[in-house]
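Engineer: Sharing a structure below in structure tokens format, with a few things to ask.
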């Protein structure tokens, strides 16, 4: 137990503190007033983690006895990384070719615009696993050692499908917002049915809220969901996932839960169109 | 209280929040197939409990301004919305100050109930503000027991630090 009694503290100071906090919190949540400061401190935190990890790895490597098993594991990891790297490139090249072909068919002039875009692979710098597992905010950061100029709304792929889009960069770390983030909206199509699927705030899940009178009554569990290309960010006809459940949440609305194909936890490299 | 003491106190709170982050990032369901499919159930509030301990143990030294500054630093360091920890630290600090003398006659069990309850209130508010879709009573109940278990080690650990460093 503490040995002293508290001094008198006027409630006014606490009320003022609460008032300041509420003003800051409201402005930050509603208007993102401090998002740039937050992104900057987040990037600085990731760099310090990476630096710490680097020195830790160096220390472990220096002190540990090298065994054949360890070398093999390292070689295996390296090969896996290379494989993912190549997988991403192939997927993005395919997508790039499809887009270029579609554009060529539509209009010759615009083809040049997309030919200039190249697909690049980026290594994960940090994954916000805490929020990914528990909460609505699903983001990750990618390393950008070559300092490519990457802004917002570039599609990000894991080599099989798309997992999200970029949301700007800070201190050469590219922020990626995942499809399952509750603030992300992805226009999708399931057979002939179109809807805007927002992130469910749960891993590997997006949700379509639709009217019960719409054509959604024809949908079945395990129907495949594809990108519709309507948002202008993701190309058309890329498999995103499949329907996991269909629930009537009230007399007017129906909730279609789609399980995503691309698990961002399974990869160390992700591809971005530049 | 001098600057060095504030640094020590803030460092312990920082380490607590860092531990919370690390524990939350540990995906236990990956290692125990039996838990596969069970929703996210446990969230620790070690950092918050450490802050509560310091205010509880030294109410005459930690006032609203300290709570406000620790709060904004934690918000910045852990990329939370600016103002969230400020608000909770100031409000919790006020409640602990008001009942500081009453806490002296509380048993350990009563302290555990009070601080685990405070931690759950903090957790519930966090979920309601930032992630209402993931709000679950089951998570709050499990977290209550985990935070209750965490209180005594935090209490004795921080008391040791207070007696030796602050």
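The values are calculated or read from the model by the stated rules, or taken from the named source; none is laboratory data. As the structure is a computational prediction, the values presented were derived from the model and not from experiment. Counting neighbours? That spans all protein chains shown, and the Cβs are built from the backbone with ideal geometry, glycine included.
Engineer: Pairs only if they're at least six apart or on different chains, beta carbon under 6 angstrom, first in the stretch A:24-47 and within 25 Å of residue A:172 (Cβ to Cβ) and more than 7 Å from chain B (Cβ to nearest Cβ), second part of a helix (DSSP H, G or I) and modelled with pLDDT of 85 or more; list them, first residue then second.
Structural biologist: If the second residue must be part of a helix (DSSP H, G or I) and modelled with pLDDT of 85 or more, the pairs left are A:33/A:27.
Engineer: When the residues of the stretch B:2-22 are narrowed to those that are within 14 Å of chain A (Cβ to nearest Cβ) and within 14 Å of residue B:72 (Cα to Cα), which ends up surrounded by the fewest Cβ atoms within 10 Å (Cβ to Cβ)?
Structural biologist: Top of the filtered list is B:14.
Engineer: Given the conditions (1) within 14 Å of another protein chain (Cβ to nearest Cβ); (2) closer than 20 Å to residue A:263 by Cβ; (3) assigned to a strand (DSSP E or B), report the number of the one that residue A:241 does not fulfil.
Structural biologist: (1)
Engineer: Taking the stretch A:218-235, which residues are surrounded by fewer than 14 Cβ atoms within 10 Å (Cβ to Cβ), in contact (Cβ under 8 Å) with a residue 12 or more places away in the chain and assigned to a loop (DSSP other than H, G, I, E, B)?
Structural biologist: Step one: of the stretch A:218-235, the residues surrounded by fewer than 14 Cβ atoms within 10 Å (Cβ to Cβ) are A:218, A:220-222, A:232.
Within this subset, residues satisfying the condition of being in contact (Cβ under 8 Å) with a residue 12 or more places away in the chain are A:218, A:220-222.
Residues satisfying the conditions are A:220, A:221, A:222.
Engineer: Mind listing just one residue for me: the one in the stretch B:116-137 that is within 15 Å of residue A:200 (Cα to Cα) and within 9 Å of chain A (Cβ to nearest Cβ) and, of those, farthest from the chain's Cα centre (by Cα)?
Structural biologist: Looking at the filtered set, the residue picked out is B:133.
Engineer: Can you run down the residue pairs with Cβ atoms below 6 Å, 6 or more apart or on separate chains, where the first is in the stretch B:44-65 and closer than 11 Å to residue B:94 by Cα and more than 7 Å from chain A (Cβ to nearest Cβ) and the partner is modelled with pLDDT under 90 and surrounded by 24 or more Cβ atoms within 10 Å (Cβ to Cβ)?
Structural biologist: Final answer for the pair search is B:55/B:62.
Engineer: How many of the residues making up the stretch B:83-104 are assigned to a helix (DSSP H, G or I), more than 8 Å from every other protein chain (Cβ to nearest Cβ) and surrounded by fewer than 21 Cβ atoms within 10 Å (Cβ to Cβ)?
Structural biologist: Here the count works out to 4.
Engineer: Sticking with this one: Residue A:198 passes all but one of (1) free of Cβ contacts under 8 Å to residues at least 24 places away in the same chain; (2) within 17 Å of residue A:249 (Cα to Cα); (3) surrounded by fewer than 15 Cβ atoms within 10 Å (Cβ to Cβ); which number fails?
Structural biologist: With respect to (1) free of Cβ contacts under 8 Å to residues at least 24 places away in the same chain; (2) within 17 Å of residue A:249 (Cα to Cα); (3) surrounded by fewer than 15 Cβ atoms within 10 Å (Cβ to Cβ), residue A:198 is out only on (3).
Residue-by-condition table, conditions (1) closer than 18 Å to residue A:227 by Cβ; (2) away from every other protein chain (no Cβ under 14 Å); (3) at pLDDT 75 or above; (4) not in a loop (DSSP other than H, G, I, E, B):
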position: A:80; (1), (2), (3), (4): no, yes, yes, yes
position: A:94; (1), (2), (3), (4): yes, yes, no, yes
position: A:131; (1), (2), (3), (4): no, no, yes, yes
position: A:149; (1), (2), (3), (4): no, yes, yes, no
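Engineer: Can you name the number of the only condition in (1) at pLDDT 75 or above; (2) farther than 16 Å from residue A:263 by Cβ; (3) buried (at least 17 other Cβ atoms within 10 Å of the Cβ) that residue A:99 fails?
Structural biologist: Here residue A:99 clears every test but (1).
Engineer: Just to be sure before I move on: is residue B:156 within 14 Å of chain A (Cβ to nearest Cβ), part of a helix (DSSP H, G or I) and in contact (Cβ under 8 Å) with a residue 60 or more places away in the chain in the structure I sent?
Structural biologist: Against the criterion (within 14 Å of chain A (Cβ to nearest Cβ), part of a helix (DSSP H, G or I) and in contact (Cβ under 8 Å) with a residue 60 or more places away in the chain), residue B:156 does not qualify.
Engineer: Okay, next question. Can you tell me which residue in the stretch B:69-82 is farthest from the other protein chains (Cβ to nearest Cβ), limited to those that are under 11 Å from residue A:17 (Cβ atoms) and surrounded by fewer than 24 Cβ atoms within 10 Å (Cβ to Cβ)?
Structural biologist: B:69
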